[in-house]
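Just so it is clear, none of the values below were taken in a lab; they were calculated from the coordinates. Since we're looking at a predicted model, the values are computed, not measured. Positions of Cβ are backbone-derived with ideal geometry, glycine not excepted, and every protein chain shown enters the neighbour counts.
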């Protein structure tokens with residue numbers, strides 16, 4: 001027994017020299033205790049010190065684990081909400097067909113931008129649009145299209161959204177859609193053939209369109225106009241052919257007619273001849289002016 005305790009004492013001196021010396025220097029042996037009892041008290045003190053050291057270490061490990069969980073959770077959230085963002089920018093002179101995660105189809109016109117989050121799609125079917133697009137929405141949860149000044153809500157239908165220069169025009173081709181103003185409580189329900197226009201804070205009443213079947217004609221390259229300001233027609237020519245047009249004439253005129261984006265010369269003739277305009281070109285710059293000038 002004495003030999004084992006001596007060996008343990010030597011081991012303690014070797015592996016815990018500071019602790020051992022500290023205990024011995026501050027420990028007073030009671031005269032009423034045997035050596036064996038005294039040594040047992042020292043060993044009990046050492047055991048209590050070692051146990052006390054384990055608690056802070058375990059707490060330290062738990063704090064590290066908690067911090068790692070927070071970091072991983074934050075990283076996951078960033079990936080989920082930020083890295084899932086999809087942005088589609090269509091240049092002038094182009095059109096594309098894009099399929100959303102639920103297989104809803106969008107045909108996006110030239111000089112347009114579409115944004116959504118693919119990671120949160122099945123929790124929130126929502127897109128942001130600047131420009132023009134035709135939507136063919138699969139039935140399911142609520143589907144929203146947000147533009148500068150309105151929100152269009154559907155469950156499953158076909159509709160066209162035009163949003164440029166502060167004007168949003170929504171045309172329902174199939175099914176039913178709800179168009180709400182972002183600036184006030186105004187809202188309109190559209191059924192097949194209805195359309196509504198929002199300008200700034202003003203939303204007009206929904207009307208039945210006699211030309212609603214032509215609203216998706218642009219997806220085939222055909223553009224129809226009914227009493228449209230000449231500047232809006234020129235803007236569409238620029239988008240479809242990726243050109244610059246300078247108009248030296250009366251900008252208060254209105255155009256009713258059609259052009260196709262298949263051929264620039266034919267498109268210019270279809271616009272200019274009824275308006276009694278003439279055009280000339282230099283590289284990708286077109287100059288329009290009145291014939292009488």
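Which value results for Rg/Rh of segment 156-216 when Rg is the Cα radius of gyration and Rh the Kirkwood radius based on the inverse mean 1/r?
0.94
Which whole-number percent gives the relative contact order of segment 99-161, counting Cα pairs below 8 Å spaced six or more residues apart?
30 percent
Determine the gain in length on full extension of the stretch residue 208-residue 96; use 0.36 nm per residue of separation and subtract their C-alpha separation, reporting nm with one decimal. If you can, show how the numbers build up before the last one.
Numbers: separation 112, 0.36 × 112 = 40.32 nm, distance 2.87 nm.
Taking 0.36 nm per residue and subtracting the Cα distance, the gain is 37.5 nm.
Just to verify a number: FRET efficiency for residue 138 and residue 282, C-beta to C-beta distance, R0 = 51 Å, to 0.05?
FRET efficiency, residue 138 to residue 282: 0.60.
Rank by packing, highest mean first: peptides 137-150, 279-292, with packing defined as the count of other Cβ atoms within 10 Å averaged across residues.
137-150, 279-292
Quick one: plug the Kirkwood hydrodynamic radius of segment 216-268 (C-alpha pairs) into Stokes-Einstein at 4 °C, 1.567 mPa s, and report D in µm²/s.
Rounded, D is 113 µm²/s.
Order of 262-269, 231-238, 213-220 by packing, highest average Cβ count within 10 Å first?
Top to bottom by mean Cβ count within 10 Å: 231-238, 213-220, 262-269.
Quickly work out the residue 253-to-residue 217 label distance, labels modelled 7 Å from Cα along the C-beta direction, and quote it in nm with one decimal.
Going from the residue 217 label point to the residue 253 one covers 2.1 nm.
How much length would be gained if the chain were fully extended between residue 124 and residue 88, taking 0.36 nm per residue of separation minus their Cα-Cα distance, in nm to one decimal? If you can, show how the numbers build up before the last one.
Values: separation 36, 0.36 × 36 = 12.96 nm, distance 1.84 nm.
Using 0.36 nm per residue and subtracting the Cα-Cα distance, I get 11.1 nm.
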